[in-house]
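Working notes, beginning with the structure itself.
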Amino acid sequence: MPFTLPALPYAPDALEPSIDKMTMEIHHGKHHNAYVTNLNKALESAPDLANKKIEELLANNCAIVPEAIRTAVRNNGGGHINHSMFWQIMGPKAGGQPSGALATAINSAFGSFDTFKEKLSAAGMGRFGSGWAWLIAHGGKLEIISTANQDSPVMEGKSPILGVDVWEHAYYLKYQNRRNEYLAAWWNVVNWPEIDKRFHSAK
């Protein structure tokens with residue numbers, strides 16, 4: 001089965017003013033759609049992989065994928081899995097702070113929620129060029145990492161709980177080169193109930 005572009009779980013303007021409608025339309029309808037199209041095209045030459053889940057294709061740095069299409073699957077498959085999560089972990093009337101076991105785990109790992117926010121934002125600011133900043137679960141612990149391009153923590157056997165896209169296409173129409181302003185505003189749309197679900201399924 002070819003991969004398909006998932007629908008946005010809210011209207012393109014639902015994250016205004018933090019993330020503008022045009023950015024969402026281009027980011028989802030053009031960028032994510034292109035990753036899906038190019039992933040399917042790459043896999044045409046490997047029909048034995050047709051029914052594999054995206055997590056299986058990306059596991060162990062795309063170990064099961066033929067070398068001739070490995071880079072295409074890594075880049076476009078990574079773009080697909082990363083963005084599929086990104087739309088879900090944002091939402092309208094969101095933001096605030098996590099609660100329950102997730103809040104306890106964040107406080108335990110980073111000292112406080114504010115320190116966690118600072119460290120994740122710093123990871124996003126510190127990523128040179130394009131990439132992502134992540135909160136991951138690995139070995140029963142929470143960690144903050146960043147990855148280049150569309151690389152996913154899944155490629156290294158780690159479970160992403162939360163990820164923020166710091167490619168310029170995620171923010172440039174509204175924030176231009178002010179990535180710090182985008183990251184500060186992004187916390188207003190974080191969907192903590194969805195992230196909590198991912199935290200519990202990763203444990």
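Going by the structure shown, is Ala46 surrounded by fewer than 23 Cβ atoms within 10 Å (Cβ to Cβ), among the small types (Gly, Ala, Ser) and within 25 Å of Ser146 (Cβ to Cβ)?
no
So if I check each of Glu194, Glu181, Glu143, which one is modelled with pLDDT of 95 or more and under 14 Å from the mean Cα position of the chain (by Cα)?
Values: Glu181 fails: under 14 Å from the mean Cα position of the chain (by Cα); Glu143 fails: under 14 Å from the mean Cα position of the chain (by Cα).
None of the other options fit; the residue is Glu194.
Limited to region 83-118, what total is found for residues that are within 17 Å of Glu143 (Cβ to Cβ) and in contact with a Phe, Trp or Tyr (Cβ under 6 Å, 6 or more places away or on another chain)?
5
Need the failing condition index for Leu15 against (1) of a type outside the set (Lys, Arg); (2) open to solvent by 30 Å² or more (accessible area, probe 1.4 Å); (3) in contact with a strand residue (DSSP E or B) (Cβ under 7 Å, 6 or more places away or on another chain), just the number.
It is condition (2) that Leu15 fails.
Which condition number does Asn51 fail, the rest of (1) touching a Leu at 6+ places or on another chain (Cβ under 9 Å); (2) surrounded by fewer than 17 Cβ atoms within 10 Å (Cβ to Cβ); (3) polar (S, T, N, Q) being met?
The single condition Asn51 does not satisfy is (1).
Pick from Asn82, Asn33: which is within 23 Å of Trp134 (Cα to Cα), within 16 Å of the chain's Cα centre (by Cα) and open to solvent by less than 20 Å² (accessible area, probe 1.4 Å)? Can you show your working first?
Values: Asn33 fails: open to solvent by less than 20 Å² (accessible area, probe 1.4 Å).
Going through Asn82, Asn33 in turn, just one is within 23 Å of Trp134 (Cα to Cα), within 16 Å of the chain's Cα centre (by Cα) and open to solvent by less than 20 Å² (accessible area, probe 1.4 Å): Asn82.
Going through region 55-76 one residue at a time, which ones are in contact (Cβ under 8 Å) with a residue 40 or more places away in the chain and crowded, with 17+ Cβ neighbours inside 10 Å?
If we filter region 55-76 for residues that are in contact (Cβ under 8 Å) with a residue 40 or more places away in the chain, which is where we start, we get 55, 58-62, 74-76.
Listed by number, the residues that qualify are Leu58, Ala59, Cys62, Arg74, Asn75, Asn76.
Report yes if Met1 is open to solvent by 30 Å² or more (accessible area, probe 1.4 Å), among the aliphatic types (A, V, I, L, M) and at pLDDT below 95, otherwise no.
Numbers: open to solvent by 30 Å² or more (accessible area, probe 1.4 Å): yes; among the aliphatic types (A, V, I, L, M): yes; at pLDDT below 95: yes.
Yes; evaluated as a whole, the condition is true for this residue.
Here is a list: Lys141, Lys119. Which entry is closer than 18 Å to Asn188 by Cα, among the basic types (Lys, Arg) and in contact (Cβ under 8 Å) with a residue 12 or more places away in the chain? Explain how you work it out, then say what you get.
Details: Lys141 fails: closer than 18 Å to Asn188 by Cα.
Testing whether each residue is closer than 18 Å to Asn188 by Cα, among the basic types (Lys, Arg) and in contact (Cβ under 8 Å) with a residue 12 or more places away in the chain leaves just Lys119.
Within the set of pairs 6 or more residues apart or between chains, which connect a residue that is touching a residue at least 40 places away in the same chain (Cβ under 8 Å) inside region 181-203 to a residue that is open to solvent by less than 10 Å² (accessible area, probe 1.4 Å) and of a type in the set (Gly, Ala, Ser) with Cβ atoms less than 7 Å apart?
Filtered contacts from region 181-203: Leu183/Gly124; Val189/Gly91; Asn191/Gly91.
The values are calculated or read from the model by the stated rules, or taken from the named source; none is laboratory data. Note that the coordinates shown come from a computational prediction; the quantities given were computed from them, not determined experimentally. Don't worry about glycine lacking a Cβ; one is built from the backbone with ideal geometry, like all the others, and counts go over all protein chains shown. Please note that ligands, DNA and RNA were not included when accessible areas were found on the heavy atoms of the full protein model with its side chains. Shrake-Rupley method; radii C 1.70, N 1.55, O 1.52, S 1.80 Å.
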